[in-house]
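All remarks here apply to the structure that follows.
The values are calculated or read from the model by the stated rules, or taken from the named source; none is laboratory data. No experiment lies behind these values; they were computed from the predicted model shown. Neighbour counts run over all protein chains shown; Cβ positions are idealised from the backbone, glycine included.
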């Protein structure tokens, strides 16, 4: 969770990204992911460009020298703007640049942008439910190129190019475990199109009308557009458990029984 000046920096950089010329936003996302990976892997460089005692213009010149030949104009301008911001912690810089890469990737999908968080969710469910795949993607002895080849073989042509790019970034290991990265990317992808994700645990699949009513009710409660991602969970006896960010709305039968039992004991 970003705090203080890092949160403010993210807001300003997202605004700059959204107002930047269209161009090749897929390439922009790919380049920003590369910069985030460099900053995570080079702590000395990261400390220099987040050092508040160094003049912002000097830090912009430094990243221009480091990345100038590898980045397009839009990417370089965003990175220069990023290092001139204030940061609560040095690692926040790489996290925000990666987040900018997610936003750019979503933009590259155009009208298909809303599909991205669903595709990431489905892939995450598949990885969680397939021990061999989860092991292969989390194996530190496998190279990044090997993991990318595996993902492209499994999902190439089956998901949007933007989704595949996010899968590849999630598998890089620089963000942590792949399931955690995918979950973060799901929420970032939804946020990029002005939505919040509600993860719904239910004993049975919801009908289209049930989904619509639930999304509308939650949208009214949270005053935003809600995107549902439904998990059919046999441990849910009846009712629903809804997770939105840090909020949990537990209306399952099991929870109501436990609550009734507590009341009787009390």
If you take the residues of the range 18-29 that are touching a residue at least 12 places away in the same chain (Cβ under 8 Å) and more than 18 Å from residue 95 (Cβ to Cβ), which of them is surrounded by the fewest Cβ atoms within 10 Å (Cβ to Cβ)?
21
Restricting to the range 8-17, and then to whatever is within 17 Å of the chain's Cα centre (by Cα) and in contact (Cβ under 8 Å) with a residue 24 or more places away in the chain, can you tell me which residue is surrounded by the fewest Cβ atoms within 10 Å (Cβ to Cβ)?
14
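More than 22 Å from residue 173 (Cβ to Cβ), in the same structural domain as residue 11 (by TED's automatic domain parsing) and either in a loop (DSSP other than H, G, I, E, B) or at pLDDT 95 or above (or both), is that true of residue 63?
Details: more than 22 Å from residue 173 (Cβ to Cβ): yes; in the same structural domain as residue 11 (by TED's automatic domain parsing): yes; either in a loop (DSSP other than H, G, I, E, B) or at pLDDT 95 or above (or both): yes.
Considered against the rule, which asks whether it is more than 22 Å from residue 173 (Cβ to Cβ), in the same structural domain as residue 11 (by TED's automatic domain parsing) and either in a loop (DSSP other than H, G, I, E, B) or at pLDDT 95 or above (or both), residue 63 comes out as yes.
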Note on residue 118: of the conditions (1) free of Cβ contacts under 8 Å to residues at least 60 places away in the same chain; (2) not assigned by TED's automatic domain parsing to the domain that holds residue 53, unmet is (1)
So, residue 161, is that one out of contact with any strand residue (DSSP E or B) (no Cβ under 6 Å at 6 or more places or on another chain), surrounded by fewer than 16 Cβ atoms within 10 Å (Cβ to Cβ) and in contact (Cβ under 8 Å) with a residue 40 or more places away in the chain or not?
yes
Which of (1) farther than 22 Å from residue 192 by Cβ; (2) outside any helix (DSSP H, G or I); (3) in the same structural domain as residue 34 (by TED's automatic domain parsing) is the odd one out, the single condition residue 71 does not satisfy?
(1)
Residue 54 is checked against (1) part of a loop (DSSP other than H, G, I, E, B); (2) more than 19 Å from residue 11 (Cβ to Cβ); (3) at pLDDT below 95 and fails just one. What number does that condition carry?
(3)
What do you reckon, is residue 129 free of Cβ contacts under 8 Å to residues at least 12 places away in the same chain and under 17 Å from the mean Cα position of the chain (by Cα)?
no
Against the definition (part of a helix (DSSP H, G or I), within 29 Å of residue 193 (Cα to Cα), in contact with a helix residue (DSSP H, G or I) (Cβ under 7 Å, 6 or more places away or on another chain) and modelled with pLDDT under 95), how does residue 9 come out, yes or no?
no
Identify, please: which residue in the range 173-183 is part of a helix (DSSP H, G or I) and closer than 20 Å to residue 26 by Cβ and is, among those, modelled with the lowest pLDDT?
181
Please go through the range 158-172 and pick out each residue that is at pLDDT below 95 and not in a helix (DSSP H, G or I).
171, 172
All but one of (1) touching a residue at least 40 places away in the same chain (Cβ under 8 Å); (2) in contact with a helix residue (DSSP H, G or I) (Cβ under 6 Å, 6 or more places away or on another chain); (3) surrounded by fewer than 19 Cβ atoms within 10 Å (Cβ to Cβ) hold for residue 72; state the number of the condition that does not hold.
(2)
Identify, from the list 137, 100, the residue that is surrounded by 17 or more Cβ atoms within 10 Å (Cβ to Cβ), at pLDDT 95 or above and in contact with a helix residue (DSSP H, G or I) (Cβ under 8 Å, 6 or more places away or on another chain).
100
Please determine whether any residue of the range 183-205 is under 16 Å from residue 127 (Cβ atoms), touching a helix residue (DSSP H, G or I) at 6+ places or on another chain (Cβ under 8 Å), surrounded by fewer than 21 Cβ atoms within 10 Å (Cβ to Cβ) and outside the structural domain of residue 238 (by TED's automatic domain parsing).
yes
